[in-house]
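The values are calculated or read from the model by the stated rules, or taken from the named source; none is laboratory data. Only a predicted model underlies this, so the values are computations on that prediction, with no experimental measurement involved. Note that we place each Cβ from the backbone using ideal geometry, even for glycine, and neighbour counts take in every protein chain shown.
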Amino acid sequence: MLSDSHAHLASSAFADEVEEVLARAAAAGVSRVVAVGCDVASSRRSLELAERYPQVWATVGLHPTYVTEEPQEDWLEQLGAMAGHPRCVAVGETGLDFYHPAPEGWAWEDYVERQRACFAAQLALAAACGKNVVVHQRDRSGTACWEAIKGMVGPFQGRLRAVFHCWLHSWEEARPVVEQGHLISFTGIATYKNAAVVEACARQAAAGSFMLETDSPYLAPVPQRGKRNEPAFLRETAAHVARVRGVSVEALGAMTDAVAEGFFRFS
Ligand SMILES: [Zn+2]
């Protein structure tokens, strides 16, 4: 059994196809999917999917690249109201993104400040309602984004756990935060020929320190690279990570599944 710990099921890429997507996932052994919200509308839609399908759970959050686009001024109150839903298993996707340029009309400093404010608010929300957080980070070069994220998550030590999703750094970078109780997770990037650092990290990461995810509809693993990704393709990433770790897909699935259960507390 495998759990897709991060899929944008509410994305328009899946439109009215969610039922078929989930059926293909089940056929591939992916029996649980965490539908991740990026703004108020997709968070609400993710919760609706979680209400409709027993194998789906939801997160509610405002993604760092959406902070200037969210049309709902009371987004935080709305997320707060949704976070208490029994099928909501985490707050996020939130975090910082230093990769994409500031949107038109925004100075870079103001854009980053807005991202920080929204991230801080969601960390506080998660701590207040006893949920963990799904954290996005992306940098252009270097680790400024990662350093900023660590600095902001640090004060919440003991009150929440974070999963640093779509992990692209080394195991050396991950180990200190894993030792604080946080997690990393691997996408299909682990299967890419040009992602040796990620593959090495997937090989070295301690058992119990990571989850697997598709981040679908983005980042399809080899051999589907370039196509629309979907939860069923988690199988390819799992097969690759199992191979580099020298374990069976079943063993890897059981381990990462237990990690997902501990983090999201599915019920
Ligand atoms: Zn995502």
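Annotations
- Residue among Ser3, Ser46 that is within 29 Å of Asp257 (Cβ to Cβ), among the polar types (S, T, N, Q) and touching a helix residue (DSSP H, G or I) at 6+ places or on another chain (Cβ under 6 Å): Ser3
- Count of region 84-117 residues, restricted to those that are within 18 Å of Arg161 (Cα to Cα) and of a type in the set (A, V, I, L, M, F, W, C), is 5.
- Counting only residues that are away from the ligand (no atom under 14 Å from the Cβ), surrounded by 19 or more Cβ atoms within 10 Å (Cβ to Cβ) and closer than 18 Å to Arg140 by Cα, region 56-106 holds 1 of them.
- Any hit, region 127-134, residues being part of a loop (DSSP other than H, G, I, E, B), more than 15 Å from Val163 (Cβ to Cβ), over 14 Å from the mean Cα position of the chain (by Cα) and among the small types (Gly, Ala, Ser): yes
- Verdict on Val153 being in contact (Cβ under 8 Å) with a residue 24 or more places away in the chain, over 18 Å from Tyr218 (Cβ atoms) and either within 16 Å of the ligand (Cβ to nearest atom) or in a helix (DSSP H, G or I) (or both): yes
- Residue that is farthest from Val163 (Cα to Cα), among those in region 211-232 that are within 16 Å of the ligand (Cβ to nearest atom) and outside any loop (DSSP other than H, G, I, E, B): Pro231
- Check on Ala196, aliphatic (A, V, I, L, M), crowded, with 16+ Cβ neighbours inside 10 Å and more than 16 Å from the ligand (Cβ to nearest atom): no
- Cβ-Cβ under 6 Å pairs, at least 6 apart or on other chains, region 243-267 side buried (at least 19 other Cβ atoms within 10 Å of the Cβ), far side assigned to a helix (DSSP H, G or I): Leu252/Ala238; Leu252/Ala242
- Some residue of region 36-50 being away from the ligand (no atom under 16 Å from the Cβ), touching a Pro at 6+ places or on another chain (Cβ under 7 Å) and either modelled with pLDDT of 95 or more or charged (D, E, K, R) (or both): no
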